[in-house]
1. Tell me, what is the FRET efficiency for GLU53 and ALA198 to the nearest 0.05, using R0 = 41 angstrom and their Cβ-Cβ distance as r?
2. Sort the following peptides by mean Cβ neighbour count (other Cβ atoms within 10 Å, averaged over residues), highest first: 298-306, 329-337.
3. Extension gain SER191-ALA291, at 0.36 nm per residue separation less the Cα-Cα distance, in nm?
4. Figure the gain on full extension for MET1 and MET167 (residue separation times 0.36 nm, minus the Cα-Cα span) and round it to one decimal in nm.
5. Between ALA349 and PHE214, what is the label-to-label distance in nm when each label sits 7 Å out along the Cα-to-Cβ direction?
6. Nearest 10 degrees is fine. How inclined is helix 18-36 to the longest principal axis of the chain, computing both from alpha carbons?
7. Per DSSP helix of 4 or more residues, -39500 (n - 2.57); summed, then divided by the residues of the chain. What does that give at 222 nm, rounded to the nearest 500?
8. Based on alpha-carbon centroids, what's the gap between the range 182-204 and the range 320-353 in Å, whole number please?
Amino acid sequence: MRVFVYEYAALLGPQAAPSIQAEGRAMLAAVVADFARIGEVRVITLLHDRIGEALGDECLRVPPEREAEAFRAVAARADFTLVIAPETGGVLAERSRWVLAAGGRLLGSTPEAIELAADKLAMSDPTRSPLSRTSGERGVAVARPQTCARPLIPRAERAGDTALASMTFPLICKPRDGAGSQATFLVPSRSELAPILARAQAEVPDAEFILQPFIAGMAVSAAFIIGDDWRMGLPPCRQRLSDDGRFHYLGGECPLSDDLAARAQRLAASAMGMVPGLRGYIGVDLVLGDAADGSRDHVIEINPRLTTSYIGLRALAGGNLADVMLAAATGHAPPDMTWKSGRVRFIAAGAVS
């Protein structure tokens, strides 16, 4: 069986920021190693031609301008393709469509599910999102945006027009389809909105931005692997974020206490159940509030892709998570999964302790 593992930053090569390169390289190396542990699997990778280190059984190197051609050729002859890419700019959905157009099979969600989950405004808008429309009856609290800032707005007071007057601070400003805390800012007060929007738009000039309520509590990621008729919940991880108002992801630790883990998995499962087409490895970002009954817990976003928490979870797993992803794609029952005792701490660049 041939499995093509694609990681977007590996094709950007030196063009990518060092932090993005490191995080992407850590995820790519981890998942390639796990698929390589499955005896019948041959792993294929595609890297920038300036990256010297080889990964997988077959490592192809191309310049960025040949990526699309090479990607489609590899996806066509692979039995399965795992796409690791950001939602930003439609990259994840686009590469997933490349796989299907080439006649390949995805180890992941449908492009339609990716596009819905990636659109943070649609997922939070009560008039548009399946998550929002049914959240009350399912007990899912969503951090809803108060307004949306259009691209290249010269003055912040034009963002959301009359909605601006009713905003409650502090807010979070972030791209509508961003990933990895890109151009994400805490907006403490109304007077700071204009300069922060200007900074955000300077970082990502063509983006739309949502302004979302800041939710206090513990930042948590809850991951699942989803098949056609089953889903496996993985131990939720506490996220470590920078405290400079930018929410940069620094890493995480797992497992949580049993009560917090149960709250996180229950909320994440309810949220995912409202987005048709989610498959494979899915991460849900949450904030667990200070109410023991979970009444102040909120969904922040659904990540329809492999996330950095994979690095810590594979270290905690008594089995192979790649086996579970293959089972999800092939329609088989998932293998039994055990979890080691103790605590795992990991950083975004891949080191585990």
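Every number in this text was worked out from the coordinates using simple rules, so none of it is lab data. Model, not experiment: these values are computed from the prediction. Cβ atoms come from the backbone with ideal geometry, glycine included; neighbour counts cover every protein chain shown.
1. E between GLU53 and ALA198, to the nearest 0.05, is 0.55.
2. Per-residue mean Cβ counts within 10 Å order the peptides as 298-306, 329-337.
3. My answer for the length gained is 32.9 nm.
4. Between MET1 and MET167, full extension yields 54.4 nm more.
5. Once both label points are built, they end up 2.9 nm from each other.
6. Result, in degrees: 40.
7. Computed mean residue ellipticity for the chain: -9000 deg cm²/dmol.
8. Distance between centres, Cα-based: 37 Å.
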